[in-house]
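Single-structure report; data block below.
Nothing in this text is a laboratory measurement; each read-out follows from the coordinates by a stated rule. Because the structure is a prediction, the values reported are computed rather than measured. Here Cβ is always computed from backbone atoms with ideal geometry, including for glycine, and neighbour counts include all displayed protein chains.
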Amino acid sequence: MKEIGFFYLVLQLLAFPATWLMGVLGNRFNEMKVFSVTIFIWIIVVILLSICDGIPLLIFITVLTSFVIGSSKSILRSIYSKLIIKENSSIFFSFFSIFSRSASVIGPILFGIISTQSQNQRVAILYPIIPLTIILLLVHILTKKQHIQLKIKGRS
């Protein structure tokens, strides 16, 4: 039980400065690229969790998770705020909030179903790779489309 508290404390202590750092990187470089990096790190975290068998690897996973747990959501909110119509921002952020909350309910349900059907939690922990990969592909497509539009407008 003490280990869980330790991991939670490490995660929280590192998450705040990591979120700030990723925000700075998002402002300095391209937010879509930084968001892609956070999604890629999430995929690595999921894979590592599926093979984790000891405390040293769990500590590494905790540190890695701390870099993306807050930053992926904050960068996504920043990107989202630039894509929506300013006059209706409260409506759009309401949808954002609803989808976020529904994902926090659907995720554990899917984990339970996959875990029960496969009789293996290590297999069930891998299911987030599917939506994460889809998100990564969508970000890649949107980034290319945005780059093409900027070239057409002469801003490249």
Q: Starting from the Cα gyration tensor of segment 94-145, take the square roots of the eigenvalues, sort them a ≥ b ≥ c, and report rounded, prolate or oblate (rounded when a/c is under 1.5, otherwise prolate if a/b is larger than b/c, else oblate).
A: oblate
Q) Counting Lys and Arg as +1 and Asp and Glu as -1, each charge on the Cβ, what is the dipole of the chain about the Cα centre in debye, to the nearest 20? A) 760 debye
Q: Binning at 10 Å from 0, report for segment 38-120 what percent of all alpha-carbon pair distances ends up in each bin.
A: 15, 33, 33, 15, 4, 0
Q | ³J(HN,Hα) computed for each position of segment 115-121 - Karplus, 6.51 cos²θ - 1.76 cosθ + 1.60, integer Hz, glycine/proline x | A | 4, 5, 5, 8, 6, 8, 6
Q: Obtain the nm distance between the two label points defined at Ile59 and Leu110 by a simple spin-label model: each point lies 7 Å from its Cα along the Cα-to-C-beta direction.
A: 3.3 nm
Q. Roughly how many Å is it from the Cα centre of segment 99-150 to that of segment 1-59, as a whole number?
A. 17 Å
Q.
Please compute the volume of the convex hull spanned by the alpha-carbon atoms of the chain and report it per residue in Å³.
A. 136 Å³
Q: Could you tell me the largest-minus-smallest coordinate of the C-alpha atoms of segment 17-73 on each of the three principal axes, in descending order and whole angstroms?
A: 38, 19, 14
(Q) Quick check: from the Cα gyration tensor, does segment 5-49 come out rounded (a/c under 1.5), prolate or oblate? (A) oblate
Q.
Only Cα pairs within less than 10 Å get springs; with that Gaussian network setup on the chain, which residue of Ile129, Ile114, Ile61 has the largest fluctuation?
A. Ile114
Q. Rounded to the nearest 500, what is the chain's calculated 222 nm mean residue ellipticity when only DSSP H runs of at least 4 contribute -39500 (n - 2.57) each, over all residues?
A. -29000 deg cm²/dmol
